[in-house]
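One structure is given here, and the rest of the page talks about it.
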Amino acid sequence: MSWNTFGRVLRFTTWGESHGPAIGAVLDGCPPGIELSEADIQPFLDARKPGQNKFTTQRKEPDEVRILSGVFEGKTTGTPISLLIENTDQRSKDYSEIANTYRPGHADYAYDAKYGFRDYRGGGRSSARETAMRVAAAGVARKVIGEVEILAYVAEIGGDRIDPANFDADEISRNLFWCPDAEAAKRWEKLVDDARKAGSSLGAVVECVATGVPAGWGAPVYAKLDSDLAAGMMTINAVKGVEIGDGFDAARLTGEQNADAMSPGENGPEFAANHAGGIAGGISTGQPVVCRVAFKPTSSILTPVASVDREGKATEVRTKGRHDPCVGIRGTPVVEAMMALVLADHKLLHRAQCG
């Protein structure tokens, strides 16, 4: 069967296709009595929506969300919250040339192999269009975890990394790349624009930090906070890798280097470092929860690539239409969304067991 639902206590299900009439989500398990309106959700959708600059897809979607259920007199009722966004700028004809051809690196062949047919208009369910509903659902999740602040930013594009010495959180909202390093953002303008003009694309790494997460969220074995974070991030389109804390770099450290030394503090232990990314044994430690997410280059490119058609014959494919030259840029709000959804679910799981 196909899984379209994520979460345990706070569960959300998304539905709809890239070129269908609408996309939507149903969020179940939200506690009652939380103040909620479309205005609480819309700013996060505005950050993700397409067509905002030349470095993203030129599809124009207002992405205006409607709450259809689960809210009465401005507060959640504890019943399922239904969210809807209408699609208004589909151009399905752009995909007619790939109706019988598979785009290498895309989900085209895998979908066809599973279902025996596929919706080639924008990729159907495999389109990043689906992630708008995660962002909408996360707008509700953020209200559940009001004590937590979440910040995501692009740390690398096309192999060009930011300089940690130049990190400025205020800079993230000043440029088009969600980049905390002003010098890197200037370099990326040319890097991404050159790829766009060449009909190609670039990958990216997005880092996400959640502060204010108390110690104790998570579980020791099959509901580890870090395993659910990794699973959630890997469900995002084009994501091919996730690291928690130091991630793979931890394998290059010694035990004493990797240990987050502790000392007594007024409000519990104080840590000298955060190599673990705020999670130990699957449970939050009270430190910032840190993860990094690797996005592959967009597969829909104008550069011709060798492929096969549905009859198995050799061919060459180039994808027309409106596509992100670096999908990781618009993926940044989606990474924040999955962080919020996972943390909210674990807050409610913790409350259910420990009160």
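The values are calculated or read from the model by the stated rules, or taken from the named source; none is laboratory data. Treat the numbers as computed from the prediction; the structure is a model and nothing was measured. All Cβ positions, even for glycine, are placed from backbone atoms using ideal geometry, and neighbour counts span all protein chains on display. Side chains included, ligands, DNA and RNA excluded: accessible areas come from the protein's heavy atoms. Shrake-Rupley method; radii C 1.70, N 1.55, O 1.52, S 1.80 Å.
Would you check which residues across the stretch 263-303 are in a loop (DSSP other than H, G, I, E, B), more than 30 Å from Arg318 (Cα to Cα) and hydrophobic (A, V, I, L, M, F, W, C) and list them? Break it down stepwise before answering.
First, the residues of the stretch 263-303 that are in a loop (DSSP other than H, G, I, E, B): 264-269, 272-278, 281-282, 285-288, 296-303.
Still in the running and more than 30 Å from Arg318 (Cα to Cα): 264-269, 272-278, 281-282, 285-288.
Matches in the stretch 263-303: Ala272, Ala273, Ala276.
Only one of these is out of contact with any Gly (no Cβ under 8 Å at 6 or more places or on another chain), aliphatic (A, V, I, L, M) and crowded, with 22+ Cβ neighbours inside 10 Å: Ile279, Ile301, Ile329. Name it. Quick ask: steps written out before the conclusion?
Details: Ile279 fails: out of contact with any Gly (no Cβ under 8 Å at 6 or more places or on another chain); Ile301 fails: out of contact with any Gly (no Cβ under 8 Å at 6 or more places or on another chain).
So the residue among Ile279, Ile301, Ile329 that is out of contact with any Gly (no Cβ under 8 Å at 6 or more places or on another chain), aliphatic (A, V, I, L, M) and crowded, with 22+ Cβ neighbours inside 10 Å is Ile329.
Considering every residue within the stretch 256-268, establish whether at least one is in contact with a Pro (Cβ under 7 Å, 6 or more places away or on another chain), open to solvent by less than 20 Å² (accessible area, probe 1.4 Å) and of a type outside the set (S, T, N, Q).
So far as the stretch 256-268 goes, no, none of its residues is in contact with a Pro (Cβ under 7 Å, 6 or more places away or on another chain), open to solvent by less than 20 Å² (accessible area, probe 1.4 Å) and of a type outside the set (S, T, N, Q).
Check the stretch 218-232 and report whether any residue there is open to solvent by less than 40 Å² (accessible area, probe 1.4 Å), touching a residue at least 12 places away in the same chain (Cβ under 8 Å), in a loop (DSSP other than H, G, I, E, B) and not small (Gly, Ala, Ser).
no
Residues Lys186, Lys143, Lys114: which one is open to solvent by 60 Å² or more (accessible area, probe 1.4 Å), under 19 Å from Pro325 (Cα atoms) and either in contact with a Ser or Thr (Cβ under 8 Å, 6 or more places away or on another chain) or assigned to a helix (DSSP H, G or I) (or both)?
Working: Lys143 fails: under 19 Å from Pro325 (Cα atoms); Lys114 fails: under 19 Å from Pro325 (Cα atoms).
Selected residue: Lys186, the only one of Lys186, Lys143, Lys114 that is open to solvent by 60 Å² or more (accessible area, probe 1.4 Å), under 19 Å from Pro325 (Cα atoms) and either in contact with a Ser or Thr (Cβ under 8 Å, 6 or more places away or on another chain) or assigned to a helix (DSSP H, G or I) (or both).
Can you tell me which residue within the stretch 208-217, out of those that are part of a strand (DSSP E or B) and open to solvent by less than 30 Å² (accessible area, probe 1.4 Å), is farthest from Phe248 (Cα to Cα)?
Residues of the stretch 208-217 part of a strand (DSSP E or B): 208-211.
Checking which are open to solvent by less than 30 Å² (accessible area, probe 1.4 Å) leaves us with 208, 210.
Details: Cys208: 16, Ala210: 20 Å.
Looking at residues that are part of a strand (DSSP E or B) and open to solvent by less than 30 Å² (accessible area, probe 1.4 Å), I get Ala210.
Condition first: under 14 Å from the mean Cα position of the chain (by Cα), hydrophobic (A, V, I, L, M, F, W, C) and in a loop (DSSP other than H, G, I, E, B). Now tell me which residues in the stretch 233-256 satisfy that.
Answer for the stretch 233-256, where residues must be under 14 Å from the mean Cα position of the chain (by Cα), hydrophobic (A, V, I, L, M, F, W, C) and in a loop (DSSP other than H, G, I, E, B): Ile236, Ala238.
Of everything in the stretch 172-183, what is under 26 Å from Arg142 (Cα atoms) and crowded, with 24+ Cβ neighbours inside 10 Å? Give them in sequence order. Walk me through it before giving the result.
Filtering the stretch 172-183 down to residues under 26 Å from Arg142 (Cα atoms) leaves 172-180.
Result: Phe177, Trp178, Cys179, Pro180.
Any idea which of Asp63, Asp46, Asp40, Asp28 is open to solvent by less than 60 Å² (accessible area, probe 1.4 Å), under 21 Å from the mean Cα position of the chain (by Cα), modelled with pLDDT of 80 or more and at positive phi?
Values: Asp46 fails: at positive phi; Asp40 fails: at positive phi; Asp28 fails: at positive phi.
Exactly one residue qualifies, and that residue is Asp63.
If you scan the stretch 189-200, which residues turn out to be assigned to a helix (DSSP H, G or I) and loosely packed, with under 13 Cβ neighbours inside 10 Å? First the steps, then the outcome.
Of the stretch 189-200, the ones assigned to a helix (DSSP H, G or I) are 189-197.
The answer is Lys190, Lys197.
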